[in-house]
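All remarks here apply to the structure that follows.
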Amino acid sequence: MNKPDSIIFDMDGTLWDPIDVYVAAWNEGLKRSGVDKQMSPDDIKPLMGMEGRKVLDLTLPEFDEQKQQEIYAEINVQRRTMIEKGLGQLFDKMPDGLAQLSQKYKLFIVSNCPKGILDVFMNRAGINSYITDIMEYGMNNQPKHHNIKILRDRHDLKAPIYVGDTDGDRKQSELAGLPFVFLTCGYGNTDIFDMSFDSFADFSNHFLAL
C-alpha cells in the first residue's frame, strides 16, 4: 500500500465505543414510541455499521415502513441527546491522534448513521477542526462506497484509504477502490485487509511516522 494523501474513517467502533449510548437510546426511543421491546448490547452490536433500512427491517419487522421511520426518529432524538451529554467512550488517543494526523493528511468521516449524528459526535469529541468533510447515510440513503466516491471526487483525492472495523467496511472500501485498514478494537471481524491495527493509537502512530 502506497502512502496515502488522505484518510477516510468510519465512526462507530473506529473512533469510539458508543454501545452503551445506543442501547440506552434504543430502549428509551422504543419506550416513548409505545413499543414493548428491549434491546441489549448483544442485540445492538451486530447492527453496528449497517444502513438504516436494514437495521429497521431486522429490528422492527412487525411494523410498516412509515411506523418504523417514526420509531427510528424517536430513537435518534434520544441518541443525539445522549451524545450531546458526553456519553460514549472515545478511543484512547483518538482526538490527539486526529489532531496530529490532520497536519499530514486530509481527514474525512463516512458513516451509515442518520443525518446530523456526525456533527453531534464531532462536537462531543472536539474534533471538528481536524475533519475536512463528512458523508452520512442519512444525507442521501446511499451506501458507504457511494459516499466515499463522492468525497474522493469532491476533494480530488489521489490516494485515500478507508479505516473501519467490520467486514462490511472492508467490502465498501473494496467497492470504492480504496485500500482498507482494519481496526480490531471495534465490532467486527475480517481476514481481508491491507493493514491491521489493534488500537487507534497504534494506527495513528504508524501513519504519523510515514
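Label segment 94-210 by shape, choosing from rounded, prolate and oblate, from the square roots a ≥ b ≥ c of the eigenvalues of the Cα gyration tensor; if a/c is under 1.5 it is rounded, and otherwise prolate applies when a/b is larger than b/c, oblate when it is not. List each step's numbers first, then the result.
Numbers: a/c = 1.30, a/b = 1.05, b/c = 1.24.
In terms of gyration-tensor shape, rounded.
Work out from phi, with θ = phi - 60° and the Karplus expression 6.51 cos²θ - 1.76 cosθ + 1.60, the ³J(HN,Hα) of each residue of segment 34-40, listed in order in whole Hz, and give x for Gly and Pro.
x, 9, 7, 8, 10, 10, 10
Of the GluC sites (Glu not before Pro) in segment 7-82, which ones lie in a loop per DSSP and count no more than 10 other C-beta atoms within 10 Å? Write down the numbers at each step before the final one.
On the way: sites: Glu28, Glu51, Glu62, Glu65, Glu70, Glu74; in loops: Glu51, Glu62.
Hits after loop and neighbour filter: Glu62.
Assuming 0.36 nm per residue, please report the length gained on full extension of the stretch Gln100 to Lys67 beyond their Cα-Cα distance.
Working: separation 33, 0.36 × 33 = 11.88 nm, distance 4.42 nm.
7.5 nm is the gain from fully extending Gln100 to Lys67.
No lab work stands behind these numbers, since they all come straight from the coordinates. Quick caveat, the model's predicted, so the values are computed rather than measured. Ideal geometry is used to build each Cβ from the backbone, glycine not excepted, and the neighbour counts take in all protein chains shown.
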